[in-house]
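> Have a look at the structure that comes next, please.
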Amino acid sequence: MSSRTNISCLQEAARVAIFGGTHGNEMSGITLVNMWIQNSAEIERNGLLIKPFISNPRAVEKCSRYIDTDLNRAFTPENLSAPDVEGLPYEVQRAKEINRMFGPKGSADAYDVIFDLHNTTSNMGSTLILESSTDLFNLQMVHYIKKAMAPHTCSVLLNEHPQLKYSTTRSVAKHPVGLEVGPQPQGVLRSNVFESMRTILKHALDFIELFNSGVTFPPCTVDVFRVQERMDYPRDTNGNITAMVHPHLQDCDWEPLNRGDPMFLTFDGRTVLYEGANTVYPTFINEAAYYEKQQAFMTTGREILAANAIRKACK
Amino acid sequence: TIREKAMALLFLPALARMAVCGGTHGNELSGVYVVQEMERQRKEKGEGVWPIPVTTVLSNPRAVKECRRYIDTDMNRCFSRDTLSSPITDSSPYEVRRAQELNNLLGLKGSTDAIDLICDLHNTTSNMGLTLILCTSSDWVTLHICKYLQTKITKVPVRVLVLDFPISDAYSLESVSKHGFTLEVGPQPHGVVRADIYIIMKEAVDLTIDWIHKFNSGTVFEGGDVEAFKFIKSVDYPRDPETRTLTAAIHPQLQDKDFCLLKRGDPLFLSFSGETVNYEEEETLHPFFINEAAYYEKGIAFQLAKKMMLTIPAVRVQKD
């Protein structure tokens, strides 16, 4: 396909938000956003409105993931249109407020880009999470970030799965981007993880500034991992887990898992093997917050996405 | 000296019963699952599954259910004499009530009815391998168990940390029994169970039971020197003087280096604006509990210990 004249003209990304504390115990984003609220010099870019924002302040205060319910699952159409009544879970109220401030989700008035900063106990390194395989702006941005971060690896996780996709805080924006850096325990601030996240954002903002200044970004391809399946722990009839992630799988995010490979180890020492027919690439392996969501890890498949050249639309 | 060693064979009473306690902090999961697995084994194989009587306890069931460190207050600070004897009212913290229940079950603290040994299972986000924490440096039973574990466990470093509290001031769960120690294994995030960490903790519990059985059966355990780390003090993060929020993180060169040698001029913290804060004291000490999640609220970035040698006598069970 000829790409000489195939340039997609996209709207300027004028308003950008950086969310920290969507989960109140994921410390890199909380620390970065609080720092930038105090002193925004580092994140300022020409012609760009950039708003650092603590999305779940009560959870941050308590250093817990959430107060009543997971904010990062709360941006459903039902919740966003729920009437303002007493007794709404805190995070539903908060979702509505965030939708008012940065949305409305799906409308022309919504913020152009929201970066939502997360940490994980999984060994995922630096990961960018996308929700659409056809968002050219986001594809070009992650391509730019990956190149700028090299040789440090940035993996790209694509969650476009009709059932497993969830209503994230960042989905309020036209171009939602999740930043997930690990491994880091909840409630802990690791210097290397903090600095990686800081650097990713620096490159992201550089990209947006360049794009807004009229630079054309040539066609590119992006290697992504597309979400396939959620794998739960083996459990007993009471719902308690009966096995742990196997030592051979632990910390092996993004590495191939083949049929016959060890997957779980029961507490009394038996190995449970992966029985799937195809090679998969597990991620979110042993994330603390996912025990209650019935997830030991997620399987993904490798894919290469192509993106047209892009340029800011002329007014 | 050879003469001292030949003379020093101490006869000590047998250990009739031990307790294995998990979930004293509800989100430190290895202990929760070790206790669960032991209870499953007891159900399957009967009381004779272990060579000595073992009581298994889930110390803080409500916190375990919610996967939180505690509900109202840190349970592992509730076992001081004052707290154990304080009257329970409707407004008493859950953990205080539960501590008194545990004192009835495993104590009474300080009495001859108290259980012989408590092994309290904990995890830390710090890279401390297997650390055996003792309140006192003069309990030969727990020091011998430490020496035994150090010889038998080779997969990870096994270190002995002595807090040296006067016994009357002890406030942790393992102070309820006649002999007590904490098995602290890391690094593991809270709310996560890692198979490699679980296996180490299970092995340490099994070896402890093994030692007690051998001791009760008449084995002479030779004395010798045990290297230990003695707690000196805690160090907090650099904080903003007004808001008390952190202005720096543990320096990448200190992160994960628990029990290393810290010398004057070594980096401690890296501020968010890029400055390094160095260790300025003359005395070479050893940092531990480096970047433990639960210690942010206690104002502790890491703690410092002095390395020392403890000499322990040979021991043998006293026959009635």
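> Which condition from (1) in a loop (DSSP other than H, G, I, E, B); (2) on the phi < 0 side of the Ramachandran plot is the one that A:Ile304 breaks?
Exception for A:Ile304: condition (1).
> Those residues that are within 14 Å of chain A (Cβ to nearest Cβ), over 29 Å from B:Arg77 (Cβ atoms) and of a type outside the set (Asp, Glu), I need them from segment B:5-60; list them, please.
If the condition is that a residue be within 14 Å of chain A (Cβ to nearest Cβ), over 29 Å from B:Arg77 (Cβ atoms) and of a type outside the set (Asp, Glu), then B:Arg40, B:Gln41, B:Arg42, B:Lys43, B:Lys45, B:Val49 are the ones that fit.
> Can you find a residue that is within 14 Å of chain A (Cβ to nearest Cβ) and touching a Lys or Arg at 6+ places or on another chain (Cβ under 6 Å) anywhere in segment B:182-202?
There is at least one residue in segment B:182-202 that is within 14 Å of chain A (Cβ to nearest Cβ) and touching a Lys or Arg at 6+ places or on another chain (Cβ under 6 Å).
> Still on this structure, I have one more. Residues to consider are B:Phe229, B:Phe221; find the one that is modelled with pLDDT of 95 or more, buried (at least 19 other Cβ atoms within 10 Å of the Cβ), more than 14 Å from chain A (Cβ to nearest Cβ) and more than 15 Å from the chain's Cα centre (by Cα).
Exactly one residue qualifies, and that residue is B:Phe221.
> Can you confirm whether segment A:213-223 contains a residue that is within 14 Å of another protein chain (Cβ to nearest Cβ) and open to solvent by less than 10 Å² (accessible area, probe 1.4 Å)?
No, because not a single residue in segment A:213-223 is within 14 Å of another protein chain (Cβ to nearest Cβ) and open to solvent by less than 10 Å² (accessible area, probe 1.4 Å).
> So which residues in segment A:109-140 are among the β-branched types (Val, Ile, Thr) and closer than 15 Å to A:Val16 by Cβ, if there are any at all?
Matches in segment A:109-140: A:Val113, A:Ile114.
> Still on this structure, I have one more. Scan segment A:167-186 residue by residue and report those that are closer than 15 Å to A:Thr283 by Cβ and either in contact with a Gly (Cβ under 8 Å, 6 or more places away or on another chain) or open to solvent by 10 Å² or more (accessible area, probe 1.4 Å) (or both).
Residues satisfying the conditions are A:Leu179, A:Glu180, A:Val181, A:Gly182, A:Pro183.
> Show me the helices (runs of 4 or more DSSP H) entirely contained within segment A:40-147 in which 3 or more residues are modelled with pLDDT of 95 or more and open to solvent by less than 10 Å² (accessible area, probe 1.4 Å).
Per the criteria, A:90-102.
> Filter segment A:275-296 down to the residues that are open to solvent by less than 40 Å² (accessible area, probe 1.4 Å) and in a loop (DSSP other than H, G, I, E, B) and list them by number.
Scanning segment A:275-296 gives A:Gly276, A:Phe284, A:Ile285, A:Asn286, A:Glu287, A:Tyr291, A:Gln295, A:Ala296.
> Return only the number of the condition from (1) under 29 Å from B:Val315 (Cβ atoms); (2) out of contact with any Asp or Glu (no Cβ under 7 Å at 6 or more places or on another chain); (3) open to solvent by 80 Å² or more (accessible area, probe 1.4 Å) that B:Met38 does not satisfy.
(3)
> Which one of the conditions (1) more than 24 Å from A:Ser55 (Cβ to Cβ); (2) assigned to a helix (DSSP H, G or I); (3) of a type outside the set (S, T, N, Q); (4) open to solvent by less than 10 Å² (accessible area, probe 1.4 Å) does A:Phe207 fail to meet, given that it meets all the rest?
(1)
> Looking only at segment A:190-210, count every residue that is closer than 16 Å to A:Gly47 by Cα and among the aliphatic types (A, V, I, L, M) and tell me the total.
Of the residues in that region, 4 qualify.
> Kindly evaluate A:Val33 against the criterion of being part of a helix (DSSP H, G or I) and under 20 Å from A:Met101 (Cα atoms).
yes
> If you don't mind, another one. State all residues of segment A:224-260 that are more than 23 Å from the chain's Cα centre (by Cα), open to solvent by 50 Å² or more (accessible area, probe 1.4 Å) and away from every other protein chain (no Cβ under 12 Å); if no residue qualifies, say none.
A:Arg235, A:Thr237, A:Asn258, A:Arg259
> Got at least one residue in segment B:243-255 being more than 14 Å from chain A (Cβ to nearest Cβ), of a type outside the set (Ser, Thr, Tyr) and open to solvent by 10 Å² or more (accessible area, probe 1.4 Å)?
Looking through segment B:243-255, none of the residues is more than 14 Å from chain A (Cβ to nearest Cβ), of a type outside the set (Ser, Thr, Tyr) and open to solvent by 10 Å² or more (accessible area, probe 1.4 Å).
> Could I ask something else about it? Given (1) out of contact with any Leu (no Cβ under 7 Å at 6 or more places or on another chain); (2) away from every other protein chain (no Cβ under 14 Å); (3) buried (at least 18 other Cβ atoms within 10 Å of the Cβ); (4) among the aliphatic types (A, V, I, L, M), identify the lone condition not met by A:Ile304.
(3)
> While we're looking at this one, here's another question. Any residue in segment B:109-119 that is polar (S, T, N, Q), open to solvent by 30 Å² or more (accessible area, probe 1.4 Å) and either over 24 Å from B:Tyr295 (Cβ atoms) or at pLDDT below 95 (or both)?
Yes: one or more hits.
> Another question about this same structure. Please go through (1) more than 12 Å from chain B (Cβ to nearest Cβ); (2) open to solvent by 40 Å² or more (accessible area, probe 1.4 Å); (3) within 29 Å of A:Asn238 (Cα to Cα); (4) not in a loop (DSSP other than H, G, I, E, B) for A:Val272 and return the number of the only condition it doesn't satisfy.
Of (1) more than 12 Å from chain B (Cβ to nearest Cβ); (2) open to solvent by 40 Å² or more (accessible area, probe 1.4 Å); (3) within 29 Å of A:Asn238 (Cα to Cα); (4) not in a loop (DSSP other than H, G, I, E, B), only one is false for A:Val272: (1).
> Starting from residues that are polar (S, T, N, Q) and away from every other protein chain (no Cβ under 14 Å), keep the ones in segment A:275-287 and report whichever is farthest from A:Asn119 (Cα to Cα).
Here the answer is A:Asn278.
> Oh, and also: Of the residues that sit in segment B:67-87 and are open to solvent by 70 Å² or more (accessible area, probe 1.4 Å) and more than 14 Å from chain A (Cβ to nearest Cβ), which one is nearest to B:Tyr295 (Cα to Cα)?
The residue in question is B:Arg77.
> When you check B:Leu12 against the structure, is it under 30 Å from A:Asp268 (Cβ atoms) and either of a type in the set (A, V, I, L, M, F, W, C) or crowded, with 21+ Cβ neighbours inside 10 Å (or both), yes or no?
No; evaluated as a whole, the condition is false for this residue.
> Does segment B:284-297 include one or more residues that are open to solvent by 60 Å² or more (accessible area, probe 1.4 Å), under 26 Å from the mean Cα position of the chain (by Cα), within 14 Å of chain A (Cβ to nearest Cβ) and more than 18 Å from A:Glu195 (Cα to Cα)? Even if it seems obvious, please write down each step before you answer.
Restricting attention to segment B:284-297, the residues satisfying the condition of being open to solvent by 60 Å² or more (accessible area, probe 1.4 Å) are B:284, B:297.
Filter again for under 26 Å from the mean Cα position of the chain (by Cα), leaving B:284, B:297.
Cutting the leftovers down to within 14 Å of chain A (Cβ to nearest Cβ) gives us B:297.
Now drop any that are not more than 18 Å from A:Glu195 (Cα to Cα), which leaves B:297.
So far as segment B:284-297 goes, yes, one or more of its residues are open to solvent by 60 Å² or more (accessible area, probe 1.4 Å), under 26 Å from the mean Cα position of the chain (by Cα), within 14 Å of chain A (Cβ to nearest Cβ) and more than 18 Å from A:Glu195 (Cα to Cα).
> Something else: Check off (1) touching a Cys at 6+ places or on another chain (Cβ under 9 Å); (2) of a type outside the set (Ser, Thr, Tyr); (3) more than 20 Å from A:Leu10 (Cβ to Cβ) for A:Pro185 and give me the number that stays unchecked.
With respect to (1) touching a Cys at 6+ places or on another chain (Cβ under 9 Å); (2) of a type outside the set (Ser, Thr, Tyr); (3) more than 20 Å from A:Leu10 (Cβ to Cβ), A:Pro185 is out only on (1).
> For segment B:189-208, name all the residues that are open to solvent by 10 Å² or more (accessible area, probe 1.4 Å) and touching a Phe, Trp or Tyr at 6+ places or on another chain (Cβ under 7 Å).
B:Leu207
> Continuing with this model, one more query. I'd like to check something: does segment A:151-169 contain any residue that is within 14 Å of another protein chain (Cβ to nearest Cβ) and in a helix (DSSP H, G or I)?
So far as segment A:151-169 goes, no, none of its residues is within 14 Å of another protein chain (Cβ to nearest Cβ) and in a helix (DSSP H, G or I).
> Mind checking which residues of segment B:132-175 are farther than 17 Å from B:Cys119 by Cβ, open to solvent by less than 60 Å² (accessible area, probe 1.4 Å) and β-branched (Val, Ile, Thr)?
B:Val156
The values are calculated or read from the model by the stated rules, or taken from the named source; none is laboratory data. From a predicted model like this one, the values you see are computed outputs, not experimental measurements. Cβ sites come from the backbone with ideal geometry, for glycine too, and all protein chains shown count toward neighbours. Note: accessible area is taken over every heavy atom of the protein model, side chains too, but ligands, DNA and RNA are not part of it. Shrake-Rupley method; radii C 1.70, N 1.55, O 1.52, S 1.80 Å.
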